[in-house]
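The values are calculated or read from the model by the stated rules, or taken from the named source; none is laboratory data. Predicted model only: the values in this text are computed from it and were never measured. Here the Cβ is made from the backbone with ideal geometry for all residues, glycine too, and neighbour counts use every protein chain on show. Surface accessibility is based on the protein's heavy atoms, side chains included, excluding ligands, DNA and RNA. Shrake-Rupley method; radii C 1.70, N 1.55, O 1.52, S 1.80 Å.
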Amino acid sequence: MNYWLMKSEPDDFSIDNLQMSKQQTVAWQGIRNYQARNYIRDQITLGDVVLFYHSSCKVPAIVGLAKISSEAQIDGSAFDNRSPYFDAKSNANAPRWWQVDIQFIAKFSKPVSLKQLKADPVLQDMVLVAKGARLSVQPVTPLQYQHIMQLTILE
């Protein structure tokens, strides 16, 4: 099993939206960064655990857990010209963009803020706290995951 951090702006899609989704599951689509795409396409597997992170908000934080509930699949939003994720250069015969489904596991009653993550010596090598780290999908080591779980309380 692998661990991942996936970012979402809570004004667009929050942990609460995921919890209220049909079967508490959504397609994690619209990823338009090649490194994040490669993680989805090549490394993320069914059952992997996701730290759900609220970004671009007053208090950026890890706010809950989800799990990968599908194998990687072609991101159909790239072909939908009504979608904000439309990519005119995408080709169905040689897909450029991929997605997975994620399913809600839990919401933290005590989120772990970015400020807290940056101040923690155990997490200094975490991708999220690196200068210039902006990936919306990023790996988390088992040690980092276990440490973060000790910092929070599940609802």
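Net length available on complete extension from Q73 to D11 is 19.7 nm, with 0.36 nm assigned per residue and the Cα-Cα distance removed.
Normalised by residue number, the volume inside the convex hull of the Cα atoms of the chain is 116 Å³ per residue.
Neighbours of F52 by Cβ distance under 9 Å: Lys/Arg scored +1, Asp/Glu scored -1, total +2. Pick out which of A36, A106, A133 has the largest mean-square fluctuation in a Gaussian network model of the chain, springs linking Cα atoms closer than 10 Å. Answer for the Gaussian network model of the chain: A133. Note on the chain: helix-only mean residue ellipticity at 222 nm, from DSSP H runs of 4+ residues weighted -39500 (n - 2.57) and normalised by residue number, equals -4500 deg cm²/dmol.
Please give the per residue accessible area of segment 1-144, computed with a probe of 1.4 Å over protein heavy atoms only, in Å².
Values: 7720 Å² over 144 residues.
Averaged over the residues of segment 1-144, the accessible area is 54 Å².
Ranking S8, A119, I44 by how far each Cα lies toward the positive end of the dipole of segment 1-137 (charges on Cβ) leaves A119 at the top.
Amide H to amide H, with H built 1.01 Å from N, E9 comes under 5 Å of S55, counting only residues 5 or more places away or on other chains.
Return the whole-Å distance between the Cα centroid of segment 93-109 and the Cα centroid of segment 40-65. After rounding, the separation between the Cα centres reads 9 Å. Straight-distance candidates among the lysines for linking to K67, with alpha-carbon spacing under 30 Å and chain neighbours fewer than 8 residues away dropped: K7, K22, K58, K107, K110, K115, K118, K131. For the options A119, A88, A78, a Gaussian network treatment of the chain with springs between C-alpha atoms closer than 10 Å singles out A88 as fluctuating the most.
Count the net charge of all other residues whose Cβ sits under 15 Å from the Cβ of P10, scoring Lys and Arg as +1 and Asp and Glu as -1.
Numbers: positive: K7, K58, K107; negative: E9, D11, D12, D16.
Combined, the nearby Lys, Arg, Asp and Glu give -1.
For segment 1-107, a crude dipole built from +1 on the beta carbon of Lys and Arg and -1 on the beta carbon of Asp and Glu, taken about the Cα centre, is about 100 debye to the nearest 20.
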